[in-house]
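> Have a look at this one before I ask anything.
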Amino acid sequence: MLGRPLRTMTRVTFDDAAILAELDALRAADAPTHGGRVLSYVYDSGVPQLDELAAQAVRRMQAVNGLDPTTFTSVAALERDVVAFALGILGGGVDAAGTVTSGGTESCLLAVKTARDLWHASGRGAGQGGPGRLVAPVTAHAAFRKAAELFGLVFDGVPVSPETGTCDAAAIIDRLGPDVALVVVSAPSYPFAAMDPVGAVAAACAASGISCHVDACIGGWILPFWPDAASLPAWDLRVPGVTSLSADLHKYGYTPKGVSVLLHATRDRQRAQYFATTDWPGYPVVNPTLLGSKSAGALAAAWAIIRALGADGFTELAARAARATHVLIAAVAGIEGLRVAGRPVGPLLAVATDEQVPPKRRVDPHHWADAARTAGWVLQQQPGLGQADGIRLPHTTHLTVTPVTEAALDELVPALVAAADAVRGEPPVDAAQVLQVVPAQLPERLDSDAAGALLAGMGLGGGGALPERMAPFLALVEALPHPVVERLLVELLARTVAP
Ligand SMILES: *Cc1c(COP(=O)(O)O)cnc(C)c1O
């Protein structure tokens, strides 16, 4: 019987070319993912053959379920190789262990869950009464605020200096105590590309038995290959006291989205990351990560890219990104009215207004980004932030630099200069003015209708389209109380995808 087509089988017919043409049309409206015109979100190696290799690897794993590496043994082999390479470049010792996750946020969530469980198990928090704390500079990625919320901890943000983009180790160490479940430092941070004081903080954590996570989601796959890597203070698993580290393959691993690694200094710590249960009538569940059934596509792509590049390939691509970053830092420094914020480390930077020049010569970074966008360059606007110590972090515009940026510099640099020339002297959007579109008395609770009406009053939310100029929108984000604007942003995004 086997091999003979079933008589009763009806054919399923469809026009695959037409479906894919429809998909292509949708994709054509996206911001360009290649060529260096979008300086955030996408990490273009500039090597088309690498993209094709990744695509082929994804294709081969299409039907596999990454849930069970004992049934799909390829998954175990791929993960073993990826983790081994990661431990090799990130200083894991003989007792270190790691897991491949679905992305930076999942790595951060699992780092927090693991530390919280170990903190509970240690009994150090017993008798404290309140929930445990997660201590980190305010520049720690928002994923840690999410993790604190999900895992019942309080996010205790340490103010940073606008000059350096980070804080002194002492400011973090001052907050350590038995109720601290975890300290997080970044290598480097996303908003200002600042390298946090990893060594001193990790040493203090070790002395108090507190977990210390290094968030190298953005730096982890490029700083080890950075041209002047040796001149950086140590920041990886080699640093005594660092208990875990996250590094995203879907950033400077040049892999399609959906893959990161979370490394732990010891196997025993890593085991606390797992969830296992036999207390149900189904298959025994053993999950190292948050998901159950999962794709192994991005894992295979990461594995293939690591095989293709090796340390030498990563080093060459890092050199391209580094050269482009240096050119951009010099270019921004040369633009009257703008300055590079803080002391960036690695392939990213934030740009702020240079307050040293008279107001008429200043360039507002959000107007600048809007002007650059008109010319086809997408830069990421970051709102300012009031800190607990009363010191306000300025609003900035973020640039993530990738290997392909080097090839785009001849167009990019003149575009950045021209955008600054176009908006020089234009004052930042006035908060009082943008707040005029918001009713003075906001309802206590914004339901979907009320939030939608508010958005409509601001000219937003119709079909999810964002305004041409984002600076006024960002000013609103800065001016409104966090809970109100957070609710409005939820509404805006929900309406974007609502059927
Ligand atoms: C990107 C990033 C994250 C979160 O990663 P996702 O992959 O976007 O979920 C966390 N920390 C830092 C420093 C990052 O750059």
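The values are calculated or read from the model by the stated rules, or taken from the named source; none is laboratory data. Predicted model only: the values in this text are computed from it and were never measured. FYI the Cβ positions are ideal-geometry reconstructions off the backbone, even for glycines, and counts take in every protein chain you see. SASA here: full protein model, heavy atoms, side chains in, ligands and nucleic acids out. Shrake-Rupley method; radii C 1.70, N 1.55, O 1.52, S 1.80 Å.
> Just to check your reading of the model, which residue among Glu79, Glu163 is open to solvent by 10 Å² or more (accessible area, probe 1.4 Å), away from the ligand (no atom under 15 Å from the Cβ), touching a residue at least 60 places away in the same chain (Cβ under 8 Å) and not in a helix (DSSP H, G or I)? Please lay out each step first, then the result.
Details: Glu79 fails: not in a helix (DSSP H, G or I).
Among Glu79, Glu163, only Glu163 is open to solvent by 10 Å² or more (accessible area, probe 1.4 Å), away from the ligand (no atom under 15 Å from the Cβ), touching a residue at least 60 places away in the same chain (Cβ under 8 Å) and not in a helix (DSSP H, G or I).
> Could you tell me whether Ala126 is modelled with pLDDT under 95, assigned to a loop (DSSP other than H, G, I, E, B) and of a type in the set (A, V, I, L, M, F, W, C)? Before you say what the answer is, go through the steps one by one.
Numbers: modelled with pLDDT under 95: yes; assigned to a loop (DSSP other than H, G, I, E, B): yes; of a type in the set (A, V, I, L, M, F, W, C): yes.
Considered against the rule, which asks whether it is modelled with pLDDT under 95, assigned to a loop (DSSP other than H, G, I, E, B) and of a type in the set (A, V, I, L, M, F, W, C), Ala126 comes out as yes.
> Hey, can you tell me all the residues within region 276-304 that are over 18 Å from Lys257 (Cβ atoms), surrounded by 13 or more Cβ atoms within 10 Å (Cβ to Cβ) and of a type outside the set (A, V, I, L, M)?
Asn287, Pro288
> Among residues belonging to region 129-159 that are of a type in the set (Val, Ile, Thr) and part of a loop (DSSP other than H, G, I, E, B), point out the one that is surrounded by the fewest Cβ atoms within 10 Å (Cβ to Cβ). Steps first, answer last, please.
So in region 129-159, the residues of a type in the set (Val, Ile, Thr) come out as 135, 138-139, 154, 158.
Now restrict to residues that are part of a loop (DSSP other than H, G, I, E, B): 138-139.
Working: Val138: 19, Thr139: 25.
Out of the qualifying residues, it is Val138.
> Okay, moving on. Across region 340-366, which residue is nearest to Thr315 (Cα to Cα) among those that are in contact with a Gly (Cβ under 6 Å, 6 or more places away or on another chain) and free of Cβ contacts under 8 Å to residues at least 60 places away in the same chain? Even if it seems obvious, please write down each step before you answer.
Step one: of region 340-366, the residues in contact with a Gly (Cβ under 6 Å, 6 or more places away or on another chain) are 342, 346, 354, 357, 360-363.
Then drop every residue that is not free of Cβ contacts under 8 Å to residues at least 60 places away in the same chain, which leaves 354, 357.
Details: Asp354: 34, Val357: 39 Å.
Per the criteria, the residue is Asp354.
> State whether the residues of region 17-37 include one that is surrounded by 13 or more Cβ atoms within 10 Å (Cβ to Cβ) and either of a type in the set (Asp, Glu) or on the phi > 0 side of the Ramachandran plot (or both).
yes
> Continuing with this model, one more query. Scan region 95-107 and report the pairs whose first residue is in contact (Cβ under 8 Å) with a residue 40 or more places away in the chain and near the ligand (Cβ under 7 Å from one of its atoms) and whose second residue is in a strand (DSSP E or B) and among the charged types (D, E, K, R), with Cβ atoms within less than 9 Å and a gap of 6+ or a chain change.
What qualifies is Gly103/Asp248; Gly104/Asp215; Gly104/Asp248.
> Can you spot a residue in region 119-128 that is in contact with a strand residue (DSSP E or B) (Cβ under 9 Å, 6 or more places away or on another chain) and open to solvent by 30 Å² or more (accessible area, probe 1.4 Å)?
Let us first name the residues in region 119-128 that are in contact with a strand residue (DSSP E or B) (Cβ under 9 Å, 6 or more places away or on another chain), namely 119-120, 124-125.
Still in the list and also open to solvent by 30 Å² or more (accessible area, probe 1.4 Å): 120, 124.
Looking for residues that are in contact with a strand residue (DSSP E or B) (Cβ under 9 Å, 6 or more places away or on another chain) and open to solvent by 30 Å² or more (accessible area, probe 1.4 Å), one finds at least one in region 119-128, hence yes.
> Additional query: Does Gly92 fit the bill of being part of a loop (DSSP other than H, G, I, E, B) and either open to solvent by less than 50 Å² (accessible area, probe 1.4 Å) or touching a Pro at 6+ places or on another chain (Cβ under 8 Å) (or both)?
On the way: part of a loop (DSSP other than H, G, I, E, B): yes; either open to solvent by less than 50 Å² (accessible area, probe 1.4 Å) or touching a Pro at 6+ places or on another chain (Cβ under 8 Å) (or both): yes.
It is true that Gly92 is part of a loop (DSSP other than H, G, I, E, B) and either open to solvent by less than 50 Å² (accessible area, probe 1.4 Å) or touching a Pro at 6+ places or on another chain (Cβ under 8 Å) (or both).
> Only one of Ala140, Ala126, Ala115, Ala121 is within 17 Å of Val214 (Cβ to Cβ) and more than 11 Å from the ligand (Cβ to nearest atom). Can you tell me which?
Values: Ala140 fails: more than 11 Å from the ligand (Cβ to nearest atom); Ala126 fails: within 17 Å of Val214 (Cβ to Cβ); Ala121 fails: within 17 Å of Val214 (Cβ to Cβ).
Answer to the check: Ala115.
> Does Val434 count as outside any loop (DSSP other than H, G, I, E, B), of a type in the set (Val, Ile, Thr) and either at pLDDT below 90 or over 26 Å from Leu379 (Cβ atoms) (or both)? Before you say what the answer is, go through the steps one by one.
Working: outside any loop (DSSP other than H, G, I, E, B): yes; of a type in the set (Val, Ile, Thr): yes; either at pLDDT below 90 or over 26 Å from Leu379 (Cβ atoms) (or both): yes.
Yes: the conditions hold for Val434.
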